Amino acid sequence: MKYRLWVAAAAAGLAAGTVLATPAQAVTVPPAPVPTGTDWLSCASGQTTGSITSATLSSVIADTAQIDIVGRITPCQLPGPGSVFVVGRYLPAVDAAPASVSTAVVAYRATTAASSYRITVPVTPQHTAICLVSGPDTRLDCVGLSWPAGTAAPVVTGHIPVDDARVLVHIQLPGNGEQHPGCPVCWS
């Protein structure tokens, strides 16, 4: 089964009702393939830092909810062209299928200073968590999702550990030659 990575297009903006010290990098998740040439920053674990400062429901259409994710990320080094981080949306293992993740890919700003970001991601009742991710197995911050019976509106249950069983999924980016058995995130 192939999962399509979604490219996030960047634009300036602020979360509704939120005042940020610096302009947020507002991005939407359009259905477009991730271009080749994107890659993670080469950092030792713990050198890039980041957080999800808010995760709020913005709308629900049919069985898809839109969650606004706002946060900050500080890269370990000056990002080059094509350096990215992602916001991952996690699905649980079902029957013989492994847990999987779909991602919204965001380009770093060209600075080593902390930068704000804002991204809106779609989630369905199968999604159990959302994480800020800086490497294939490096989750910086995560929030859990629960789905009250009979509703398509999720509840953000708060921060969860980055090693929570719901989010222990390897993320692969296109164009970097990385191979991983049972790749949960592929592209066509």
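Can you tell me which of 115, 83, 102, 146 is over 21 Å from residue 38 (Cα atoms), touching a strand residue (DSSP E or B) at 6+ places or on another chain (Cβ under 9 Å) and polar (S, T, N, Q)?
On the way: 115 fails: over 21 Å from residue 38 (Cα atoms); 83 fails: over 21 Å from residue 38 (Cα atoms); 102 fails: over 21 Å from residue 38 (Cα atoms).
After applying the criteria, what remains is 146.
Given (1) modelled with pLDDT under 90; (2) more than 11 Å from the chain's Cα centre (by Cα); (3) among the small types (Gly, Ala, Ser), where does residue 116 come up short, assuming only one miss?
Evaluating residue 116 over (1) modelled with pLDDT under 90; (2) more than 11 Å from the chain's Cα centre (by Cα); (3) among the small types (Gly, Ala, Ser) leaves (1) as the failure.
Run residue 59 past the list (1) over 28 Å from residue 165 (Cβ atoms); (2) in a loop (DSSP other than H, G, I, E, B); (3) not hydrophobic (A, V, I, L, M, F, W, C) and report the number of the one that doesn't hold.
Going through the list (1) over 28 Å from residue 165 (Cβ atoms); (2) in a loop (DSSP other than H, G, I, E, B); (3) not hydrophobic (A, V, I, L, M, F, W, C), residue 59 breaks only (2).
Give 161, 174, 148 a once-over and let me know the one that is surrounded by fewer than 20 Cβ atoms within 10 Å (Cβ to Cβ) and modelled with pLDDT under 85.
174
Taking segment 117-130 as the search range and keeping residues that are free of Cβ contacts under 8 Å to residues at least 60 places away in the same chain and not β-branched (Val, Ile, Thr), which one is farthest from residue 104 (Cα to Cα)? Reasoning before the result, please.
Here is the first cut: in segment 117-130, the ones free of Cβ contacts under 8 Å to residues at least 60 places away in the same chain are 123, 126-129.
Still in the running and not β-branched (Val, Ile, Thr): 126-127, 129.
Values: 126: 17, 127: 14, 129: 14 Å.
The selected residue is 126.
Considering only segment 108-125, state which residues are under 21 Å from residue 55 (Cβ atoms) and small (Gly, Ala, Ser).
Within segment 108-125, 114, 115, 116 meet the criteria.
Residue 80 - would you say it is touching a Cys at 6+ places or on another chain (Cβ under 6 Å) and either farther than 22 Å from residue 161 by Cβ or modelled with pLDDT under 95 (or both)? Give the derivation first.
Numbers: touching a Cys at 6+ places or on another chain (Cβ under 6 Å): no; either farther than 22 Å from residue 161 by Cβ or modelled with pLDDT under 95 (or both): yes.
Taking the combined requirement at face value, the residue does not satisfy it.
The values are calculated or read from the model by the stated rules, or taken from the named source; none is laboratory data. What you see is a predicted model; the values in this text were computed from it and never measured. Ideal geometry is used to build each Cβ from the backbone, glycine not excepted, and the neighbour counts take in all protein chains shown.
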